[in-house]
Amino acid sequence: MLFNEHLKNHFTATEGAGSIVTKREATGDKSVTVDKEEKSVLFTIYPSDSFTRAGGAAADGKPNSQTFKVLNPATGNYESHKVAIKYPKANPKKMELRLYFSRGSHFYPYENDYWYIFTRTGEGIPYIGFMSSGEWENISSGIDEAKAFEENYALDEDDELFQKEIHSPQAQAGKTETSTTKYPRSPAKAANAIKKSKYKCQFNSDHDSFISGASLKAYVEVHHLVPLSCSDKFTVSLDVPANLIVLCPNCHRAIHFGTAEIKKEYLEKFYHERRDTLEQSGIRIKLEDLFEFYNIKN
């Protein structure tokens, strides 16, 4: 089947296709048939006459394998490997094309797995891999996107309580240094960040908000750019001024629950603005890692 929009988004693919691995392919032939839809993807990179013909056909000088970016299931990364692919029948009218398993390249699907192939804009090597049928169905149905939304919600599961603590009189007076939330943080530090921002949204200072009954100023919230739920990945505290972003309520929800494109806009802006001060605080992070923390797939 050709990739639908859910699959294209998941793999950041231009075009793609995949199909289930049969028992014969998995246990007998140790290869998968590249069907019509998968060929339509493959042939955008390697034309149909790129592959050698076996089955007793005369030598044609064409290679027995082609380069693919193959998913390494152990790391989740795609690696360049040569993978055997050919027409197994000598008769030139027989256009069955087969892609062969190889443990060395990590392309070794099992019965009832889905194998897939896709391309990405501007890249001259096709991607291949495999996954369980359950995972394939989740992604193609959009359940994978719903799961990502739930994971984003859990980036800071007790954020609402923290926002209340920030706006308490004690925090505003700089007296509340430790919150009662799951991940320890200082409401006083957050309240100070709000004061330094002059009660303005740091994504866009023109954004309006309602007037807070506690401060009689525009109501804004504090967000940790590098989520506190990722604290175990760092040896220093993430509750430092460089990591505190002041946002209007709408922007705060957008950075948690917006589409990947919307979240990228926020993260790219603040990452480039804060990278140096984050490093000075001992928080060294790449933009790609930040995307991963927010469940954004490149």
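The values are calculated or read from the model by the stated rules, or taken from the named source; none is laboratory data. Since we're looking at a predicted model, the values are computed, not measured. Virtual Cβ from ideal backbone geometry, glycine too; neighbours counted across all protein chains shown.
Would you point out the residue of region 123-143, among those that are in a loop (DSSP other than H, G, I, E, B) and touching a helix residue (DSSP H, G or I) at 6+ places or on another chain (Cβ under 7 Å), that is surrounded by the most Cβ atoms within 10 Å (Cβ to Cβ)?
Step one: of region 123-143, the residues in a loop (DSSP other than H, G, I, E, B) are 123-126, 132, 142.
Now narrow it down to the ones that are touching a helix residue (DSSP H, G or I) at 6+ places or on another chain (Cβ under 7 Å): 126, 142.
Working: Pro126: 23, Gly142: 15.
For region 123-143, the residue satisfying everything is Pro126.
For region 10-41, enumerate the residues that are surrounded by 19 or more Cβ atoms within 10 Å (Cβ to Cβ), in contact with a helix residue (DSSP H, G or I) (Cβ under 8 Å, 6 or more places away or on another chain) and part of a loop (DSSP other than H, G, I, E, B).
Correct list: Ala13, Val34.
Give region 51-68 a look and list any residue that's in a strand (DSSP E or B) and either out of contact with any Lys or Arg (no Cβ under 9 Å at 6 or more places or on another chain) or hydrophobic (A, V, I, L, M, F, W, C) (or both), or say none.
Phe68
Output the residues belonging to region 85-102 that are buried (at least 19 other Cβ atoms within 10 Å of the Cβ), over 28 Å from the mean Cα position of the chain (by Cα) and part of a strand (DSSP E or B).
Ile85, Lys86, Tyr87, Arg98
Kindly check whether there is at least one residue in region 249-262 that is assigned to a strand (DSSP E or B) and closer than 21 Å to Asn204 by Cβ.
At the first step, the residues of region 249-262 found to be assigned to a strand (DSSP E or B) are none.
No.
Six or more apart or on different chains, Cβ atoms under 6 Å: show the pairs whose first residue is in region 62-77 and in contact (Cβ under 8 Å) with a residue 60 or more places away in the chain and whose second is aliphatic (A, V, I, L, M) and in a strand (DSSP E or B).
Phe68/Val83; Phe68/Ile128
Does Cys230 qualify as being closer than 18 Å to Arg274 by Cα and at pLDDT below 90? So that I can check it myself, show each step before the final result.
On the way: closer than 18 Å to Arg274 by Cα: yes; at pLDDT below 90: yes.
Yes; evaluated as a whole, the condition is true for this residue.
Scan region 103-122 residue by residue and report those that are surrounded by fewer than 15 Cβ atoms within 10 Å (Cβ to Cβ) and either touching a residue at least 40 places away in the same chain (Cβ under 8 Å) or under 22 Å from Ala26 (Cβ atoms) (or both). Talk me through it step by step, then tell me what you get.
From region 103-122, those surrounded by fewer than 15 Cβ atoms within 10 Å (Cβ to Cβ) are 103-104, 110-112, 121-122; that's our starting set.
Listed by number, the residues that qualify are Arg103, Gly104, Tyr110, Glu111, Asn112, Thr121.
All but one of (1) exposed (fewer than 14 other Cβ atoms within 10 Å of the Cβ); (2) in contact (Cβ under 8 Å) with a residue 60 or more places away in the chain; (3) within 26 Å of Gly134 (Cβ to Cβ) hold for Thr44; state the number of the condition that does not hold.
Of the numbered conditions (1) exposed (fewer than 14 other Cβ atoms within 10 Å of the Cβ); (2) in contact (Cβ under 8 Å) with a residue 60 or more places away in the chain; (3) within 26 Å of Gly134 (Cβ to Cβ), the odd one out for Thr44 is (3).
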